[in-house]
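Following: one structure in structure tokens, then a few remarks.
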């Protein structure tokens, strides 16, 4: 089989995305229908609205992805789909669509872990990247340090014990009056502020490589409330800069320390927060200082998209993985589960 063409579906949260990916790294199409405008008025994703919109959009997005790739369902070699983790109702829409196509066209079905998809996004941007390497996965729901042993073999070494980094960003954004999604807006505002104007805590968790971001989030909220009670001026740009500095310092220091401990000279970023310019710049500087090569996906591949799922599905497919028609959504699916 010279060319393996995968139709991939991603509906884990609020993006309905379908892609056609060839041989894991060549993206023939990657269609994303976003729902940000719908959820913005509520300050976050409303699961019921997300599920309903997936139902409305999925068939149109599948058709558009096939048209842009100039392939038919008969020319597809496998169907890959995110089956967890994520919002259960949203996941079910993608899983049902994938199973229907696989059954109707007698094609192999490959269930993909959403976070493994984010890691795989690096293979699309960096064609020469190969395991092993260390990957920092940072998103609204996850903060993981993952040892990527092979294309389908992962070991989580560090994880958040409370709020994910992206979740903390969204909560701080709301506290300083920024709309959803807050992460990119905090990153932008931080460039206008003085990170040294306020000292927020850095939870280093000295007993290992786990993370904790609830403390810094609470410190920001307490600072704002205290300033209001004392009628002191509140400089939102300084708050954003100081908060981002606290989070980024912890992410970068732990990642570099683990890479050195494991004698790894390759580190990758993945997930929505991998698009954060403050994090990218700090990680670039630290990696260069320690002789480590840093990889991160194109901005378009940091947020949820089906191309990354197609890449991960390709390697799972080539490794022999096949999912049955009993595949179901698993909202709390642990990474590495096959």
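Residues in region 216-274 that are in a loop (DSSP other than H, G, I, E, B) and touching a strand residue (DSSP E or B) at 6+ places or on another chain (Cβ under 7 Å) were compared, and the one that is modelled with the lowest pLDDT is 271.
Given the residues 141, 89, which is the only one that is under 15 Å from the mean Cα position of the chain (by Cα) and either in a helix (DSSP H, G or I) or in contact (Cβ under 8 Å) with a residue 40 or more places away in the chain (or both)? Reasoning before the result, please.
On the way: 89 fails: under 15 Å from the mean Cα position of the chain (by Cα).
None of the others qualify; the one that does is 141.
In the set 58, 9, which member is buried (at least 21 other Cβ atoms within 10 Å of the Cβ), in contact with a helix residue (DSSP H, G or I) (Cβ under 8 Å, 6 or more places away or on another chain), part of a helix (DSSP H, G or I) and in contact (Cβ under 8 Å) with a residue 40 or more places away in the chain? Quick ask: steps written out before the conclusion?
Numbers: 9 fails: part of a helix (DSSP H, G or I).
Just a single option satisfies the conditions, and that option is 58.
Residues of region 183-201 that are surrounded by fewer than 17 Cβ atoms within 10 Å (Cβ to Cβ) and in a loop (DSSP other than H, G, I, E, B): 191, 192, 194, 196, 197, 199, 201. Screening residue 221 on (1) surrounded by fewer than 18 Cβ atoms within 10 Å (Cβ to Cβ); (2) within 28 Å of residue 262 (Cα to Cα); (3) touching a helix residue (DSSP H, G or I) at 6+ places or on another chain (Cβ under 6 Å) shows it passes everything except condition (2). Applying the condition of being under 20 Å from residue 155 (Cβ atoms) and under 19 Å from the mean Cα position of the chain (by Cα) to region 317-338 and asking which residue is modelled with the highest pLDDT yields 330. Checked against the criterion of being assigned by TED's automatic domain parsing to the domain that holds residue 271 and touching a residue at least 12 places away in the same chain (Cβ under 8 Å), the candidates 182, 226 yield just one match: 182.
Exactly one residue among 175, 197, 203, 165 is touching a helix residue (DSSP H, G or I) at 6+ places or on another chain (Cβ under 7 Å) and under 19 Å from residue 277 (Cα atoms), and that residue is 165. Across region 76-91, the number of residues qualifying as surrounded by fewer than 21 Cβ atoms within 10 Å (Cβ to Cβ) and farther than 20 Å from residue 321 by Cα comes to 2. Could you tell me how many of the residues in region 299-313 are modelled with pLDDT of 95 or more and either assigned to a loop (DSSP other than H, G, I, E, B) or within 15 Å of residue 131 (Cα to Cα) (or both)? Here the count works out to 3.
The values are calculated or read from the model by the stated rules, or taken from the named source; none is laboratory data. These numbers were taken from a predicted model, which means no experiment stands behind them. When we count neighbours, we look across all protein chains shown, and the Cβ atoms used for this are built from the backbone with ideal geometry, even at glycine.
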